[in-house]
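Participant: Please see the structure below; I have some questions.
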Amino acid sequence: MAAKQNSMIPIVSKNFCSASEVVLGVRMRPNVVNGGGFVVIDVTQKVVFRVDGCGVIGKKEQLLLRDGDGNELLLIRRKGGIVEALSLHKRWKGYSHDLEGSEKLVFSLKEPKNSYSCMGKNNRITVSVASEYSAYGEFAITGEFAARDCYIVNSNGSVIAQVGVWEEVEKMMACRDLYHVAVKPGIDQAFVFGVIAVLDYIYDGSTRC
């Protein structure tokens, strides 16, 4: 059975779960080469997360999510090989590291082969979590991330995070450069931004070279 929306869901760490809704801002990292990534800030302008793109880590189809202190949280990469080439879907996987330093699968995101036609209002990208979190069920993205108007929902269809643009910001600049993400109570914010990092790459965002 999937966990209730307001239950704590520490997929990466309980340290990134809040008892109340949290609204965080996302902005492209300034003054870097293409594929530099983006930063996530709170209402005090403190950096909560950093996402390094291929222009920083030097590998295409690979991303790195860090906390505000620069500690690595998730290594995210697209699966390759013959199976990938024959598949109808591209699959991204996010890994953390255990105490011994070995990679530990956290989530898998299935990207439709033609993602631009499969991200409309009535289509979804699915996100599966590793088996130890299977009680949480699958998650999905609905809406249009390219327009910064989408939701991450749980298996019951309840919204766990919403991507949007503040109206005053939209009037001043392109919404792709600065937007916000509202994360519901109990939801792991690091997991949410791991998923958003992949969406940014799919849509030729600031993480992609």
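Participant: Kindly indicate whether VAL163 is at pLDDT 95 or above and either out of contact with any strand residue (DSSP E or B) (no Cβ under 8 Å at 6 or more places or on another chain) or within 23 Å of GLY37 (Cβ to Cβ) (or both).
Facilitator: The answer is yes for VAL163.
Participant: Being of a type in the set (A, V, I, L, M), modelled with pLDDT of 90 or more and more than 15 Å from the chain's Cα centre (by Cα) is the filter here; which residues of the stretch 9-39 pass it?
Facilitator: Result: ILE9, ALA19, VAL22.
Participant: Spot the failing condition for LEU99; the list is (1) assigned to a loop (DSSP other than H, G, I, E, B); (2) modelled with pLDDT of 90 or more, and only one is missed.
Facilitator: It fails just one condition, (2).
Participant: How many residues, within the stretch 14-30, are in a helix (DSSP H, G or I) and of a type in the set (A, V, I, L, M, F, W, C)?
Facilitator: 1
Participant: Return the pairs, sorted by first residue and then second, in which the second residue is at pLDDT below 95 and charged (D, E, K, R), the first residue lies in the stretch 152-170 and is more than 14 Å from GLY186 (Cβ to Cβ) and surrounded by 18 or more Cβ atoms within 10 Å (Cβ to Cβ), the beta carbons are less than 8 Å apart, and the residues are 6+ apart or on different chains.
Facilitator: Qualifying pairs under 8 Å: VAL163/ARG148; VAL163/ASP149; GLY164/ARG148; GLY164/ASP149; VAL165/ARG148; VAL165/ASP149.
Participant: For the stretch 40-51, give me the residue count where each residue is modelled with pLDDT under 95 and outside any loop (DSSP other than H, G, I, E, B).
Facilitator: Final tally of qualifying residues: 0.
Participant: While we're on this one: What is the residue count in the stretch 128-151 for residues that are within 12 Å of ILE11 (Cβ to Cβ) and aliphatic (A, V, I, L, M)?
Facilitator: Number satisfying all stated conditions: 3.
Participant: Looking only at the stretch 132-151, count how many residues are hydroxyl-bearing (Ser, Thr, Tyr) and surrounded by fewer than 15 Cβ atoms within 10 Å (Cβ to Cβ).
Facilitator: Looking only at that region, the number is 1.
Participant: Are any residues in the stretch 146-166 aliphatic (A, V, I, L, M) and outside any strand (DSSP E or B), and if so, which ones?
Facilitator: Within the stretch 146-166, the subset aliphatic (A, V, I, L, M) is 146-147, 152-153, 159-161, 163, 165.
Hits for the stretch 146-166 are ALA146, ALA147, VAL165.
The values are calculated or read from the model by the stated rules, or taken from the named source; none is laboratory data. These figures come from a predicted structure and were not determined experimentally. All Cβ positions, glycine included, derive from the backbone under ideal geometry; neighbour counts span all protein chains shown.
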